[in-house]
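Below is one structure, written out as structure tokens; comments come after it.
The values are calculated or read from the model by the stated rules, or taken from the named source; none is laboratory data. Just so we're clear, the structure is a prediction, and the values are computed from it rather than from any experiment. We place every Cβ from the backbone using ideal geometry, glycine too, and count neighbours over all the protein chains shown.
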Amino acid sequence: MAISTKPAILVVRAIFPEVLAKLAQHFDVESNQADALWTPEQLQAKLQGKQGVFTMGAERIDAAVLAACPSLKICANMTVGYNNFDLAAMTAAGVLGTNAPDVLTETTADFGFALLMATARRIAEAEHFLRGGHWTRWSYDMFAGSEIHGSTLAILGMGRIGQGIARRGALGFGMKVIYHNRSRLDAATEADCKAAFVGKDELLQTADHLVLVLPYSAQTHHTISAAELAQMKPTATLINIARGGIVDDAALAAALRNKTIAAAGLDVFEGEPHVHPDLMTVPNVVLTPHIASATLGTRLAMAHLAADNLIGYLIHGQALTALNPLSVSQD
Ligand code: 8YV
């Protein structure tokens with residue numbers, strides 16, 4: 001029996017067949033086209049002998065996993081977010097992490113805006129009402145929502161996706177755009193997005209629509225909790241397309257029920273796919289199952305980028321979108 005000389009890799013979830021075929025040209029691939037959900041223990045067992053892993057952003061890669069999987073050289077996320085990686089532990093273990101930025105920026109910004117509009121104009125609530133057979137007559141204030149054009153769009157986290165949302169708001173809807181970020185953008189980028197930098201308190205207090213697009217970390221855990229919600233206008237909407245855990249979901253559900261704020265649109269949740277039961281019962285929230293980047297074209301581009309990172313690093317010694325400072329494969 002011929003012994004393969006190709007490096008071995010693991011693809012943790014079902015993925016486009018053409019991307020698997022591309023990977024198979026370079027690697028011995030163990031895939032999961034049945035899309036089984038593996039426990040962390042099963043994942044660790046499958047990682048034995050693998051040099052690379054194609055991850056979906058939910059698989060925790062930390063010091064314990066790295067110690068148990070000494071053959072691993074690269075973890076390639078098919079997502080821009082990488083809060084599943086302990087990058088310091090990966091760097092210490094000589095394991096590269098890569099993500100999938102840029103290819104999803106505009107699609108995700110489109111979705112952020114769609115969720116904002118559905119939330120502010122109460123589209124989901126109105127649709128449920130109609131489907132439920134409750135529409136027997138029109139009335140002047142039926143599902144009256146809040147204005148989008150000309151209102152104040154506040155963005156917390158002003159990376160590439162935040163900037164895409166800012167441009168849509170300013171150029172498409174004549175919104176006044178304000179933002180807060182760890183670091184202020186350069187003047188040219190601010191001018192391009194027509195966005196003004198403000199402090200976090202001003203952002204919360206002035207927002208008509210607050211969109212969260214910041215990365216999740218220990219530092220951003222519960223960035224929006226009861227105290228922050230209390231600072232917002234009672235007419236404001238809150239949109240989270242970033243990560244679960246940035247918002248305290250229990251506090252948000254209470255704020256929605258008490259009308260501390262008017263409405264929320266959430267694509268991400270603490271402990272997803274579990275959704276806080278209180279969010280399930282408040283009417284003034286639009287809930288979507290983490291689909292902000294979900295167009296087939298964008299997901300294919302994300303998958304190709306993750307695959308190209310594996311091929312680039314393990315075959316050619318250079319990844320495309322490395323997250324930690326290892327650029328040459330460690331043989
Ligand atoms: C992913 C995302 O589709 O890229 C990210 O960080 O959040 C989405 O685009 C999602 O993480 C899949 O679980």
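Annotations for the structure displayed:
- Every residue from the range 17-45 that is among the hydrophobic types (A, V, I, L, M, F, W, C), under 17 Å from Ala306 (Cβ atoms) and away from the ligand (no atom under 15 Å from the Cβ): Leu20, Ala21, Leu23, Ala24, Phe27, Val29, Leu43
- Residue list for the range 154-181, restricted to those being over 20 Å from Ala227 (Cα atoms) and either of a type in the set (D, E, K, R) or not in a helix (DSSP H, G or I) (or both): Met158, Gly159, Arg160, Arg167, Arg168, Gly174, Met175, Lys176, Val177, Ile178
- Selection within the range 277-307 - over 20 Å from Pro101 (Cβ atoms) and buried (at least 21 other Cβ atoms within 10 Å of the Cβ): Val285, Val286
- Screening Ser4 against (1) at pLDDT 95 or above; (2) more than 29 Å from Leu214 (Cβ to Cβ) leaves a single unmet condition, (1).
- For Lys22: the one exception among (1) surrounded by fewer than 22 Cβ atoms within 10 Å (Cβ to Cβ); (2) without any contact (Cβ under 8 Å) to a residue 40 or more places away in the chain; (3) not in a loop (DSSP other than H, G, I, E, B): (2)
- Answer from Ser217, Ser225 - the residue that is in contact with an Asp or Glu (Cβ under 6 Å, 6 or more places away or on another chain) and in contact (Cβ under 8 Å) with a residue 12 or more places away in the chain: Ser225
- Being farther than 19 Å from Tyr179 by Cα and touching a strand residue (DSSP E or B) at 6+ places or on another chain (Cβ under 9 Å) holds for only one residue in Ala253, Ala207, Ala236, Ala196, and it is Ala253.
- Only one entry of Leu256, Leu238 meets the criterion of being in contact (Cβ under 8 Å) with a residue 12 or more places away in the chain and touching an Asp or Glu at 6+ places or on another chain (Cβ under 9 Å), and that entry is Leu256.
- Picking from residues in the range 173-203 that are in contact with a His (Cβ under 9 Å, 6 or more places away or on another chain) and not acidic (Asp, Glu), the one that is surrounded by the fewest Cβ atoms within 10 Å (Cβ to Cβ) is Gly199.
- Residue identified as of a type in the set (Ser, Thr, Tyr) and crowded, with 22+ Cβ neighbours inside 10 Å among Thr220, Thr260, Thr237: Thr237
- Pick from the range 33-66, criterion closer than 19 Å to Leu314 by Cβ and polar (S, T, N, Q), ranking: surrounded by the most Cβ atoms within 10 Å (Cβ to Cβ): Thr55
- Residue count, the range 308-331 (criterion: polar (S, T, N, Q), surrounded by 16 or more Cβ atoms within 10 Å (Cβ to Cβ) and either assigned to a helix (DSSP H, G or I) or without any contact (Cβ under 8 Å) to a residue 40 or more places away in the chain (or both)): 1
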